[in-house]
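The values are calculated or read from the model by the stated rules, or taken from the named source; none is laboratory data. Since we're looking at a predicted model, the values are computed, not measured. Virtual Cβ from ideal backbone geometry, glycine too; neighbours counted across all protein chains shown.
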Amino acid sequence: MMVCKEFIERHTEYLDGALAAGDHRRFDAHLEGCKSCRRYQRVLTRGLAAWRALPRVSASPDFLPRLQHRLYHIDESPKRSWRGQVGRAAAIALASAGLFTLGVSNGSQPLLVEVQLPPVLADVPAETVAESQGTRFADDPYVPDWFLVPFAPALDDGGGLFGSTYAVPIATSDSIPLPVERRSGQLDESR
Amino acid sequence: METKPNLEVTSRYATPGELEPLGRGELKRLEDAELVTHYLGGQRFAFNEIAERYQDRLLNFIYRTIGDRDRAEDLVQETFVRVYRHLHRFDPARKFSTWIYTIASNLAKNELRNRARNPLVLFHSLRKSWEADHRPLEFEDTAYRPDDLFRKRRVREQVEAAVAELPEHHRVVFVLRELEGKSYEEISEITGVTLGTVKSRLNRARNRFACIISPMLD
């Protein structure tokens, strides 16, 4: 004899015709004699029928054009697989690590570059030296020789206030070398 | 001597240019799996046919599950985009409708979970669709009395609200069975749960549904 509990628990299979023939007949028999289960069956079937009868919605008219637009952009954009993204991330991480290592090694031991620069020569006529500087500092033992080398003779170019002072030296055959600090040696690139 | 059938040839997809191009009318007569084969064989229009075939079915399924029509349409779009991207991975041995419903079902479940995390979205009520502006135009049957019409409308509202009250995992199973007419096996495959769980969830969903609507229908 079937009880209501079993009927309710397996009612889904009964309603969907998923029970074996023997079981189905037992359910039929119970339903015939049980007012409460008949009520349950009636309410459920009517409710389901009402729910299924709800108006179905339709996609808006621009649904397919919008979809095609999206698919077009998928076709056009470069394919980005997760493998590609992982590869890119790994490459970026590797490059960052390399740069970081380089930075650390620079901090602990500066990278020194040997640079050889040619000596700078400034040529001026010998008589100009005697004319301009010879009288004032020539006998001063604390003034180095190279300081006595004057600027080039003023060019009367009408160049304004400082025009003559910064005139370009004129190279001659009997010029004297102008000693300057030789800027060769080690340069600290990290600075 | 008995020769073995060449399974490799029958199980692979056609390469582009291998299949005869078909017109729209001919595409409409094809089965889903054949459409997939033709699409992967280079016939772009075959995907349009798939989209036309499933757009309303998926829209109703997702709409009944999440209760928001506009959002449902967005999710149907997303379903097709995912299908488009992964169609080459579709196993022809499986049923295409089950595969596409699995994708749609997962999107609907994610939507419901996101809403649960963000309660503000819950203001989207199912009843919104029954406001006068949203209700489809209906021609009244003069054989009905006004109170019958009112009662009918109330029943519709009640059953819709009853389904909305079901827990998410029960509702998906309920909609797949009652609206889409899917078999237990298909529902099991779509939702990724066992056959026994499908039966159990469906039974609980129906029980709950009956309890909610019984005052209206009894």
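At-a-glance table
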read-out	value
Selection count where residues are hydroxyl-bearing (Ser, Thr, Tyr), surrounded by fewer than 16 Cβ atoms within 10 Å (Cβ to Cβ) and within 11 Å of chain A (Cβ to nearest Cβ), scope region B:184-218	0
Unmet criterion (only one of (1) farther than 24 Å from A:Pro65 by Cβ; (2) in contact (Cβ under 8 Å) with a residue 24 or more places away in the chain; (3) more than 14 Å from the chain's Cα centre (by Cα)) for B:Lys109	(3)
Residue check for B:Glu8: modelled with pLDDT under 90, over 30 Å from B:Val193 (Cα atoms), charged (D, E, K, R) and not assigned by TED's automatic domain parsing to the domain that holds B:Val173	yes
Complete set of residues in region B:19-35 that are under 13 Å from B:Phe45 (Cβ atoms), aliphatic (A, V, I, L, M) and at pLDDT 80 or above	B:Leu27, B:Leu30, B:Leu35
Any hit, region A:37-46, residues being within 7 Å of chain B (Cβ to nearest Cβ), within 30 Å of B:Arg53 (Cβ to Cβ) and assigned to a helix (DSSP H, G or I)	no
The listed residue being facing chain A (nearest Cβ under 9 Å) and in contact (Cβ under 8 Å) with a residue 40 or more places away in the chain, out of B:Asn60, B:Asn48	B:Asn60
Filtered residue count, region A:47-56, keeping only those that are more than 7 Å from chain B (Cβ to nearest Cβ) and either assigned to a helix (DSSP H, G or I) or charged (D, E, K, R) (or both)	1
Among residues of region B:178-197, those that are touching a residue at least 12 places away in the same chain (Cβ under 8 Å), more than 24 Å from B:Arg115 (Cα to Cα) and assigned to a helix (DSSP H, G or I), counted	3
Those residues of region A:4-36 which are within 14 Å of another protein chain (Cβ to nearest Cβ) and of a type in the set (A, V, I, L, M, F, W, C), in sequence order	A:Cys4, A:Phe7, A:Ile8, A:Leu15, A:Ala18, A:Leu19, A:Phe27
Of all residues making up region B:163-183, the number that are more than 14 Å from the chain's Cα centre (by Cα) and buried (at least 17 other Cβ atoms within 10 Å of the Cβ)	3
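Matching residues to (1) surrounded by 18 or more Cβ atoms within 10 Å (Cβ to Cβ); (2) not charged (D, E, K, R):
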site	(1), (2)
A:His11	yes, yes
A:Tyr14	yes, yes
A:Ala18	no, yes
A:Arg25	no, no
A:Ala29	no, yes
A:Glu32	no, no
A:Val43	yes, yes
